[in-house]
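Enquirer: Please read through the structure below; I'll follow up with questions.
No lab work stands behind these numbers, since they all come straight from the coordinates. For clarity, every value in this text was computed on a predicted model and none was experimentally measured. No Cβ is skipped: glycine too gets one built from the backbone with ideal geometry, and neighbour counts run over all protein chains shown.
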Amino acid sequence: MTAVQPSATRAGEPGSPVADPPSRTAGRPRRGAPPVTAPRNVRWAGYVLCAVVTLFVLTPLAVIIGSSLTPQRYWQFPPEGLTFQWYEQLLTDAEFMRSLLVSFVVAVIVTLIGTAVGLLGAIAIVRGPRGTSQRLALGTLLPVLFPNVAIGVAIFMLYANLGVPIGIVTLALAQLILVLPFTIRLLMVGLTGINPNLERAAQNLGAPPGMAVVKVVLPLIKGATLTAALITFVHSLDDAAVALFINNPDTITVPVRLLLYQETQPGPLIAAGGTILMVVGVVVCAVIVKTVGLGRAFGVSSGKG
């Protein structure tokens, strides 16, 4: 009787002398795996550093707010009493209210134009050829590399040589140079998180490139667009370097008006004006947190998942 020989084990089966092929998911983190955390001492050092930086930033703001509530006619902190007379004086001052209106009108113009131009620039950088994109990205950073005062002087000399009349529109165009680097960067954050295949799919289905951007890209980056618009608005509202040179008696903004107050009536009046601008920034930040979230607005992942 002939003995039956055991069949050879195929490669890849259990017990095979040949090693199983590596899984496609080998080396990848498992879904639901706990995130990698830093050592406890490193985390505590980060907490302490964040607390120190926060205290360093908030202390001057607290001094400004407290000084705006003092009944004295000079800088005083902590205040001996609380009063809103300086806010009442500002809000009933015709010159300050006119400057506040000018600041808001200029900021709205800068926001509308800056967001539109920034969106086009961000699309050109993110979707364009690599070499061209790098050059464009570097070019948009140039205003950040120069002092704002130098940019204001340069724009003033350019307007003077060309005979450009100073007005609200020319002031808004001058401020665009300062805000565009930040607007473009915020919109680039939103665009880099979009799968370009979605836009290609829309074009393959017959949508023109412009329509694909409007119907596919813009709805996906509405959070980044809102954030860029609000940051642009606040940046324009707080600008003093350019507005100090590009102005006439009818286009004096709030920061320039506060600088003029420093020469004529320094004290709590300036602190009250600074607090008003500060409140606008806090409201804008609250809107961003409520509608978009700081993580999504600035491209920071929460690390949860």
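Enquirer: Find how much the distance from residue 95 to residue 141 grows on full extension, using 0.36 nm per residue of separation minus their present alpha carbon separation; answer in nm with one decimal.
Expert: Answer, rounded to one decimal: 13.0 nm.
Enquirer: Spin-label point model (7 Å from Cα, Cβ direction): what's the residue 207 to residue 83 distance in nm?
Expert: Computed distance between label sites residue 207 and residue 83 equals 6.1 nm.
Enquirer: So how far apart, in nm, are the two label points at residue 58 and residue 112 if each is 7 Å from Cα heading toward Cβ?
Expert: About 3.8 nm separates the two model spin labels.
Enquirer: Suppose each label sits 7 Å from its Cα in the direction of the beta carbon; what would the residue 250-residue 44 distance come out to in nanometres?
Expert: 6.4
Enquirer: Just check segment 122-179 against the gyration tensor rule for me: Cα atoms, a ≥ b ≥ c as the square roots of the eigenvalues, rounded for a/c under 1.5, and otherwise prolate or oblate depending on whether a/b exceeds b/c.
Expert: In terms of gyration-tensor shape, prolate.
Enquirer: Can you give the FRET efficiency for residue 154 and residue 289, using 1/(1 + (r/R0)^6), R0 = 45 Å, r = Cβ-Cβ distance, to the nearest 0.05?
Expert: For R0 = 45 Å, the calculated efficiency reads 0.80.
Enquirer: Expressed in nm², what is the orientationally averaged projection area of the convex hull enclosing the Cα positions of segment 84-297?
Expert: Hull-based average projected area comes out at 14.1 nm².
Enquirer: Starting from the Cα-Cα distance between residue 197 and residue 130, subtract it from 0.36 nm times their residue separation and give me the gain in nm to one decimal.
Expert: Net length gain for the segment: 22.4 nm.
Enquirer: Any chance you could list P(r) for segment 81-131, counting all Cα-Cα pairs in 10 angstrom bins from zero, rounded to whole %?
Expert: Bin by bin from 0 Å, the calculated values are 21, 24, 20, 16, 12, 6, 0.
Enquirer: Set the Förster radius R0 to 25 Å, insert the Cβ-Cβ distance between residue 218 and residue 168 as r into 1/(1 + (r/R0)^6), and round the FRET efficiency to 0.05.
Expert: 0.30
Enquirer: Using the C-alpha gyration tensor of segment 206-285, what are the square roots of 5 times its eigenvalues, in whole angstrom, with the largest one first?
Expert: 39, 16, 6
Enquirer: So for 278, 188, fewest C-beta neighbours within 10 Å to most, what's the order?
Expert: 278, 188
Enquirer: Please arrange 276, 168 by how many other C-beta atoms lie within 10 Å of their C-beta, fewest to most.
Expert: Arranged by neighbour count, lowest to highest, 276, 168 become 168, 276.
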